[in-house]
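Asker: Quick one: the structure is below, questions incoming.
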Amino acid sequence: MSNETLTSQIKQRARDLGFELTGVCAAAASPGFERFQQWIEAGYAGQMSYLADRAEAYRSPAGVLAGAQSVVMLGMNYFTGEAREAAVGQGRISRYAWGEADYHDVIHARLKQMCQFVRRREPGASVRGVVDTAPLLEREFAQLAGLGWIGKNTLLINPQRGSWFFLAALLTDLVLEYDAPHEVDHCGTCRACLDACPTDAFVAPYVLDATRCISYLTIELREAIPRELRPQMGDWLYGCDVCQDVCPWNRFATPSEEAAFAPQEDLTPVDARALFQLDDAKFRRRFRRTPMWRAKRRGLLRNAAIVLGNRPHDDSLAALKRGLADQEPLVRGACAWALGRFDRATAREFLKLRQPEERDETVLAEIESALSACDARNSSADGAGLETD
């Protein structure tokens, strides 16, 4: 079978399996490797130590598949319509986590079929499918494969479809027909994503400081979120879509037909207060097969407390009181901070009652800081600044 014919068949099979974007490039040295190293050295990766631990593997696709000759880059659309506004007590989550299944599971199953397809046509071929967990600079190879350009928000943007795509790759030792790279940057003078970022996470166009990114803070960070960034997180409970929501190229986005990505009613948005009713077993049953499992219970409840603290309301007090006695210090500390944002005397009472019982130094520091905040606002002034509906 000719390289051209096999490449065409692989692309068609990918489209049949739900990958709207397909392109092929040579498995050459990663064009963005030096920038990637500089980004890590600048400290922008934060606690994502797994990136630095295997940084050398990112130098070439051979770090993913020995003897790789070609990379088939794939994009699967996950856009499922506009987000609903979050009411008081609710938190927003990123679109990619709205569905009933973890996208890794969905895409890995399709990649497995892709691998089987290639091996049936070329017995003995070496082939491997990966989706954002292998040491591969997917966006750079997607650009080499002609799928789009890397925007100022550091995401791949396709000129016909926008940026609401999961990227995946099929690597093989076969030599295929290669597409022309996408060489034009269509961002121009636009600064929409840079200016809209709530935490000013873009230190420059095309450069993201992950340690300030809401997605990193709510998903990857395993400790307390820096106090100065908490108010800027607003009602984002898990992830953030701001830099994509404001991107003009996403006006071309069309809804995904993938049933697994269809929005679940209780995730668009989420009742942040109800999360405090979940013990470990209930959390596992609800989120084990979803992307939100990555944050774990302690991380998600930490985030929920910050959401509630950013929009203080009487209806949230009971949930925060419950969280203030949680088994996890991370949750207790976040709840203490949130209660310190209330102008209710009740919130101060909860903090004072917890203070002599608390044994964790970091939580005690949060309680003391929250009490100081309450006192600074004259906590006896009941009702000032609270939303009531």
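The values are calculated or read from the model by the stated rules, or taken from the named source; none is laboratory data. These figures come from a predicted structure and were not determined experimentally. No Cβ is skipped: glycine too gets one built from the backbone with ideal geometry, and neighbour counts run over all protein chains shown. For the accessible areas, the whole protein counts, side chains as well, though only heavy atoms, and no ligand, DNA or RNA atoms are used. Shrake-Rupley method; radii C 1.70, N 1.55, O 1.52, S 1.80 Å.
Asker: Note down the magnitude of the dipole of region 118-168 about its Cα centre, charges +1 on Lys and Arg C-beta and -1 on Asp and Glu C-beta and zero elsewhere, to the nearest 20 debye.
Answerer: Around 180 debye, computed over region 118-168.
Asker: Here's another thing I want to ask about it. What does DSSP give for the chain in terms of the percent of beta bridges that are antiparallel, rounded to the nearest 5?
Answerer: Values: 25 of 28 bridges.
Of the beta bridges lying entirely in the chain, close to 90 percent run antiparallel.
Asker: Let me ask something additional. For region 21-41 and region 300-328, what is the centre-to-centre distance using only Cα atoms, to the nearest Å?
Answerer: 41
Asker: If DNA, RNA and ligands are ignored and the probe is 1.4 Å, what is the ranking of 183, 223 by accessible area, most exposed first?
Answerer: Largest accessible area first, the list is 183, 223.
Asker: Where does helix 3-16 land angle-wise versus the long Cα axis of the chain, in degrees 0 to 90, nearest 10?
Answerer: Once rounded, the angle reads 30 degrees.
Asker: Same structure, new question: Any idea which of 226, 68, 253 is furthest toward the positive side of the dipole for the chain, if Lys and Arg beta-carbons carry +1 and Asp and Glu beta-carbons -1?
Answerer: Value computed over the given set: 68.
Asker: Select from 166, 151, 135 the residue farthest towards the positive end of the dipole of region 83-211; place +1 on Cβ of Lys and Arg, -1 on Cβ of Asp and Glu, and compute about the Cα centre.
Answerer: The one lying farthest along the dipole's positive direction is 166.
Asker: Using only the Cα atoms of region 1-92, build the gyration tensor, take square roots of its eigenvalues as a ≥ b ≥ c, and label the shape rounded, prolate or oblate: rounded if a/c is under 1.5, else prolate if a/b is larger than b/c, else oblate.
Answerer: Oblate shape, in that a/c is at least 1.5 and b/c is the bigger or equal ratio.
Asker: With a 1.4 Å probe and all protein chains kept in place, how do 50, 216 rank by accessible area, largest first?
Answerer: Solvent-accessible surface, decreasing: 50, 216.
Asker: Taking only Cα atoms, what is the 0 to 90° angle, nearest 10, from helix 361-376's long axis to the longest principal axis of the chain?
Answerer: Taking Cα atoms only, the helix is inclined about 60 degrees.
Asker: Hey, what did the chain get for relative contact order, percent, Cα under 8 Å, at least 6 apart?
Answerer: In percent, rounded to a whole number, it is 19.
Asker: Positive end of the dipole of the chain, charges at C-beta (+1 Lys, Arg; -1 Asp, Glu), about the Cα centre: which of 270, 45, 116 has its Cα farthest in that direction?
Answerer: 116
Asker: Take the alpha carbon gyration tensor of region 42-123, find the square roots of its eigenvalues, order them as a ≥ b ≥ c, and report rounded if a/c is under 1.5; if not, report prolate when a/b exceeds b/c, else oblate.
Answerer: Details: a/c = 3.36, a/b = 1.41, b/c = 2.38.
Oblate, because a/c is 1.5 or more while a/b does not exceed b/c.
Asker: Same structure, new question: Under unit Cβ charges (Lys, Arg +1; Asp, Glu -1), what dipole magnitude, rounded to 20 debye, does the chain have relative to its Cα centre? Please list the in-between numbers first.
Answerer: On the way: 47 positive and 53 negative charges, 167 e Å.
So the magnitude is around 800 debye.
Asker: Could you rank the peptides 12-23, 140-151, 93-104 by their average count of other C-beta atoms within 10 Å per residue, with the highest value first?
Answerer: Highest-to-lowest ranking by the protection proxy: 140-151, 93-104, 12-23.
Asker: Now for a different question. Per DSSP H run of n ≥ 4, the term is -39500 (n - 2.57); total these for the chain, divide by its residue number, and report the mean residue ellipticity at 222 nm rounded to 500 deg cm²/dmol.
Answerer: Value at 222 nm, helices only, nearest 500: -10000 deg cm²/dmol.
Asker: Past the 31 Å Cα-Cα mark, which pairs from 296/352; 112/152; 282/321? Working shown, then result.
Answerer: Values: 296/352 29 Å; 112/152 33 Å; 282/321 19 Å.
Over 31 Å apart, Cα to Cα: 112/152.
Asker: Shifting gears a bit: With only Lys, Arg, Asp and Glu charged, each at its Cβ (+1 for the first two, -1 for the last two), find how big the charge dipole of region 139-266 is about the Cα centre; round to the nearest 20 debye. Can you show the working numbers first?
Answerer: Numbers: 9 positive and 19 negative charges, 82 e Å.
That gives region 139-266 a dipole magnitude of about 400 debye.
Asker: Then there is this: Angle between the Cα long axis of helix 103-121 and the longest principal axis of the chain, 0 to 90 degrees, nearest 10?
Answerer: 10
Asker: Using a ≥ b ≥ c from the Cα gyration tensor of region 84-162 (square roots of the eigenvalues), is it rounded, prolate or oblate, where a/c under 1.5 gives rounded and otherwise the larger of a/b and b/c decides, a/b for prolate? Could the numbers behind the result be given before it?
Answerer: Working: a/c = 2.96, a/b = 1.60, b/c = 1.85.
Since a/c reaches 1.5 but b/c is at least a/b, the shape of region 84-162 is classed as oblate.
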